[in-house]
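Colleague: Quick one: structure below, then a few questions.
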Amino acid sequence: MVRLITHNLLACHFRDVQIELREAEFNPEFLKGFMPKLEWKALVDAARQLGDTTLPLEVPEMLDDEFLKNLHHVLLEIHVEEGVMSCPNCKHDYPILNGIPNMLLAEHEIG
Amino acid sequence: MAPKVLESTLVSEDPLSYENENVHTIYDEIASHFSSTRYKPWPVISAFMSSLSTGWVGLDAGTGNGKYLPLPLDHPTDIFTIGLDRSIKLLQIARTAGEFQQTREVVWGDILGHGWRSGIFDYAISIATIHHLATHERRVQAVRRLIESVSPHHGRILIYVWAIEQDELSKRKITADDEAHSDGKGKDVIVPWVLAPQKGAHKNSAEPQVFNRYYHMFAKGELSGLVHDAAGGLDIDVGPPPALDEPLSPKRGVEIIQDDWERSNYYVELKCWAIPELLI
């Protein structure tokens, strides 16, 4: 159930995904508090990769309810159940199985 | 019944293989039984989770069965905790931790890895995990990773490890009474786990299996010692932020807010601070 909130904290790209949508409780205060952390472009790109085009290319000035609901859906309700995350920095592929990404690195990469 | 003195052990091979054999393989075998005995969040940890700010995102490094992922119970959606663990079997349980079988965010990985964006988390907890690392250097590295993963400006960290000094309710003793353990280095021990025969097995045929898990039991002061060693390697001060009237050259620091013992565990709570110029 890797969601985009996790993906954004890892900064990888998605590939070959199977997704599931699951409702999560909407909490606008959480979203407003969390927003400054987001790499916005990475989030929008990833959302589009997963078929969601509701997010604007730039963070809007006014965080209205409709925007927050779209952000909520993108961050917390799209679960990548199967797929691959590719890291552009270390060129490593991280498989996702049953919603759990495998982030174990080869031993020599832990340093 | 007198508490049983645990068997001391020596980590004689390379730490990765040692941990694989004496920690990881075992947790995968005992996962569901282990999980059923680990369900009650401890008060200091619950209080910590309740004190975090709305919008905060954090890491549970060594989440096990995910019992801290649903916290705080009274306002759970104000924060978001991602659980990391080395045991895929425990993660499969952590995935739906909590009363309403909500899907939790869990990642299969190593607490010494560094895939996260530096300083991205607002908080990190590591409960009963670092004591499974087989060398002092790896334990220091684990603390270093926690410090690196949280915000330099406001990051908060809580770490719990097993203590040599066990309380009266504990069934085990780490040393015989006449052994001095004042060298501050802690003790490497084996702690058995008895896996009862599975349900459905014929009563008389199944023998309980015993799994011997490796733990490093911490001595007094050893955990805060790890914090000093970890911070030193990152050129980070240990102590409170400087007063405003002191000269303000760019600097990062970590303050030890709590350093205590509770119910057979040592714990530290840390708070990061930074003089801004360094970190625009």
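Colleague: Using +1 at the C-beta of Lys and Arg and -1 at the C-beta of Asp and Glu, which of B:233, B:51, A:42 has the Cα lying farthest in the positive direction of the dipole of the protein assembly as shown?
Modeller: Farthest towards the positive pole: B:51.
Colleague: With a 1.4 Å probe and all protein chains left in place, how much accessible area per residue does the protein assembly as shown have, in Å²?
Modeller: Spelled out: the 1.4 Å probe surface of the protein assembly as shown, per residue, equals 49 Å².
Colleague: What does the accessible area of residue B:216 come to, in Å² to the nearest 10, when a probe of 1.4 Å is used?
Modeller: Near enough 10 Å² of accessible area.
Colleague: Counting only C-alpha contacts under 8 Å and six or more residues apart, can you give the relative contact order of chain B as a whole percent?
Modeller: Over chain B, the number comes to 19 percent.
Colleague: Here's a follow-up. Projecting each Cα onto the charge dipole of the stretch A:60-100 (Lys/Arg +1, Asp/Glu -1 at the beta carbon, about the Cα centre), which of A:90, A:62, A:79 comes out farthest on the positive side?
Modeller: With unit charges placed on the Cβ atoms, the residue in question is A:90.
Colleague: Can you give me the angle between helix A:40-49 and the longest principal axis of chain A, using Cα atoms only, in degrees from 0 to 90, rounded to the nearest 10?
Modeller: Value to nearest ten degrees: 80.
Colleague: Something else now. Could you state how much accessible area is buried at the B-A interface, both sides summed, with a 1.4 Å probe, in Å² to the nearest 100?
Modeller: So the total buried area for this chain pair works out to about 2700 Å².
Colleague: Assuming R0 = 22 Å, what is the FRET efficiency of residue B:12 and residue B:38, from their Cβ-Cβ distance, to the nearest 0.05?
Modeller: Calculated value: 0.15.
Colleague: Based on the alpha-carbon gyration tensor of the protein assembly as shown and its eigenvalue square roots a ≥ b ≥ c, which shape applies: rounded if a/c is under 1.5, prolate if not and a/b is larger than b/c, or oblate?
Modeller: Oblate is the answer for the protein assembly as shown, as a/c is 1.5 or above yet b/c matches or exceeds a/b.
Colleague: Follow-up. With +1 on each Lys and Arg Cβ and -1 on each Asp and Glu Cβ, and nothing else charged, work out how big the dipole of the stretch B:11-144 is about its Cα centre, in Debye to the nearest 20.
Modeller: Computed about the Cα centre, the dipole is about 200 debye.
Colleague: Do the alpha carbons of any pairs in A:91/B:271; A:37/B:220; A:41/A:91; B:67/B:251; A:41/B:251; A:69/B:89 sit beyond 27 Å of each other, and which pairs?
Modeller: Distance filter (> 27 Å) returns A:91/B:271; A:37/B:220; B:67/B:251; A:41/B:251; A:69/B:89.
Colleague: Another question, then. Round to a whole number: what % of the accessible area of chain B belongs to carbon and sulfur, probe 1.4 Å?
Modeller: Carbon plus sulfur share of accessible area: 52 percent.
Colleague: Quote the charge dipole size of the protein assembly as shown about the Cα centre in Debye, to the nearest 20; the model charges only the Cβ of Lys and Arg (+1) and of Asp and Glu (-1).
Modeller: Taking the Cα centre of the protein assembly as shown as origin, the dipole is about 780 debye.
Colleague: Roughly what angle does helix B:25-36 make with the longest principal axis of chain B, taking Cα atoms, 0 to 90 degrees, to the nearest 10?
Modeller: 90 degrees
Colleague: To continue, here is another question. What is the set of long-range amide H partners of residue B:60 at a cut-off below 5 Å, with H atoms built 1.01 Å from backbone N?
Modeller: B:82, B:83, B:84, B:125
The values are calculated or read from the model by the stated rules, or taken from the named source; none is laboratory data. Since the model is a prediction, treat every value here as computed from it, not as a measurement. As a convention, Cβ positions derive from the backbone with ideal geometry for all residues, glycine included, and neighbour counts pool all protein chains shown. All accessible areas refer to the heavy atoms of the entire protein, side chains included, with ligands and DNA or RNA removed. Shrake-Rupley method; radii C 1.70, N 1.55, O 1.52, S 1.80 Å.
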